[in-house]
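Shown next, in structure tokens, is the structure this report addresses.
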Amino acid sequence: MPAPTQQRVRPSPSPSKSTVQHREEETTPDGGTIELDNYPEIIDLTVFEQILEMDDDPEDRDFSKDIVSGFFEQAEQTLEKMNQSLVQSNLPELSSLGHFLKGSSATLGLVKVQKSCEKIQNFGKRLDASGNRDEPDDAKSLDNIRSTLGDVDEEYHEAKRLLQQFFKTEGE
């Protein structure tokens, strides 16, 4: 089912019931809401709620908005550096950047991005995706990174869209 083009996010008073509320003309057949709990493969809500709990004002969410906005900037810079390092076939730098973005993603609970970045970290160390077996062929490691970097880019933008929707109606 294609994602609606415009969604409104309305977190409920309880962080565990954060929801994405569609505009009236874009309601779903089951009542018009998509619970963020339905996206556990994208965002670990338990981790994300810990960030939300740090807000002084749950209506404004200034602290968590700043954290997420900072992550977006940092992630986009890191993805650009990864692409440059891939062109240069710099496996150690790719491993380091994968490790860095893995940690940043884990802090927000971005599960898919975190897992894919861990794979890049491992490939950059000349290991398989799990980090358990050596991969002596640099060309294969670079091909694996190229493929996984495409996944990371897609997963990052998917998570970014959900988080932007979440904060869109905060304070309205």
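Anything in region 81-131 that is free of Cβ contacts under 8 Å to residues at least 24 places away in the same chain, farther than 27 Å from Leu162 by Cβ and of a type in the set (Gly, Ala, Ser)? List them, or say none.
Residues satisfying the conditions are Ser85, Ser130, Gly131.
So Asp134 passes all but one of these: (1) over 22 Å from Ser69 (Cα atoms); (2) touching a Gly at 6+ places or on another chain (Cβ under 7 Å). Which condition number does it fail?
(2)
Can you name every residue in region 58-83 that is in contact with a helix residue (DSSP H, G or I) (Cβ under 9 Å, 6 or more places away or on another chain), among the charged types (D, E, K, R) and surrounded by fewer than 18 Cβ atoms within 10 Å (Cβ to Cβ)?
Lys65, Glu76, Lys81
Out of Leu163, Leu110, Leu149, Leu79, which single residue is within 18 Å of the chain's Cα centre (by Cα), at pLDDT below 95 and among the aliphatic types (A, V, I, L, M)?
Details: Leu110 fails: at pLDDT below 95; Leu149 fails: at pLDDT below 95; Leu79 fails: at pLDDT below 95.
Answer to the check: Leu163.
Could you tell me how many of the residues in region 155-166 are closer than 29 Å to Asp57 by Cβ and surrounded by 16 or more Cβ atoms within 10 Å (Cβ to Cβ)?
Summing the residues that are closer than 29 Å to Asp57 by Cβ and surrounded by 16 or more Cβ atoms within 10 Å (Cβ to Cβ) in region 155-166 gives 8.
Could you list, in sequence order, all residues of region 120-154 that are crowded, with 22+ Cβ neighbours inside 10 Å and over 16 Å from Ser95 (Cα atoms)?
Passing the criteria: none in range.
Which of the residues belonging to region 67-94 are closer than 20 Å to Leu110 by Cα and either of a type in the set (A, V, I, L, M, F, W, C) or not in a helix (DSSP H, G or I) (or both)?
Matches in region 67-94: Ile67, Val68, Phe71, Phe72, Ala75, Leu79, Met82, Leu94.
The values are calculated or read from the model by the stated rules, or taken from the named source; none is laboratory data. The model shown is predicted, which means the values in this text are computed figures rather than measured ones. Please note: Cβ atoms are built from the backbone with ideal geometry, for glycine as well, and neighbour counts cover all protein chains shown.
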